[in-house]
Structures are given as C-alpha cells and as structure tokens.
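Worksheet for the structure shown next.
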Amino acid sequence: MLLLPATLTLRESRDTLRLLSQALQGERDGEVLVDASPLQQFDTAALAVLLECRRLALAFGRPFGVRNAPEKLSALAALYGVNELLLPSAPAPAALPAATA
C-alpha cells in the first residue's frame, strides 16, 4: 500500500507524484492501493496526484483504489466529479461547508 504524506498541496505535488510513481513501478503485481489517512492539509493538487497515480496503475493493467480518505478529500472529489474514479466504494460525502469572508 502506498502512503500519502500529511501535507499534499501544489508545493508538494511534484515530489509526491514522483515518489508514488517510483513505488508503483517497483511493484508490478496486484491492486495499487493508496492510503490517504495521513492527509491533514491538502488542496486540489492532491486530486491531481491521485488521478495521475490511477492513470499510471491502469497503464500497467492494475486496479487502483484510495483507502481511508479524509471526509474533506471525499467531498472535494465529489465536487470535481472524480469521486467514482478515486473512491468508488465511498459513500456520498456531505457537502463542503460554505466559505466565509
């Protein structure tokens, strides 16, 4: 299982994707599972990293899944319409709270 860092924003996305790609290429058998439980601070770059990791896994003919996604990540994935690609077994998340000025 691949493990996400505690922080995954645009700043960390390139390095995180590189590390995940290397780990994915090192193990070429079975389902690619990403554990998102360490995520505490993230933005839409986390979705981009996960989508690219999914693309790489599928290119190797391997199923892909994200486990233990924080509720806010699930809500963000739903907002962008990619929750079925990344979190297919996850229940529908609650709406994101409204932003305050």
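A few comments on the model shown:
- Selection within the range 2-58 - under 19 Å from S74 (Cα atoms) and assigned to a loop (DSSP other than H, G, I, E, B): L4, P5, A6, T9, A36, S37, P38, L39, Q40, D43
- Residue match in the range 46-56 (condition: in contact with a Pro (Cβ under 6 Å, 6 or more places away or on another chain) and surrounded by 14 or more Cβ atoms within 10 Å (Cβ to Cβ)): no
- Subset of the range 21-42 [touching a strand residue (DSSP E or B) at 6+ places or on another chain (Cβ under 8 Å) and under 24 Å from L10 (Cβ atoms)]: A23, L24, V32, V34, D35, A36, S37, P38, L39, Q40, Q41, F42
- Selection of first residues in the range 36-53 that are acidic (D, E) and of second residues that are surrounded by 15 or more Cβ atoms within 10 Å (Cβ to Cβ), restricted to Cβ pairs under 7 Å at least 6 apart or on distinct chains, gives the following pairs, ordered by first then second residue: E52/L17.
- The set of residues in the range 47-65 being aliphatic (A, V, I, L, M), in contact with a strand residue (DSSP E or B) (Cβ under 8 Å, 6 or more places away or on another chain) and within 12 Å of V82 (Cα to Cα) consists of L50 alone.
- Selected residue (only one of L24, L79, L17 is surrounded by 15 or more Cβ atoms within 10 Å (Cβ to Cβ) and modelled with pLDDT of 90 or more): L17
The values are calculated or read from the model by the stated rules, or taken from the named source; none is laboratory data. Just so it is clear, the structure is predicted and the values come from calculations on it, not from any experiment. Backbone-built Cβ (ideal geometry, glycine too); neighbour counts: all protein chains shown.
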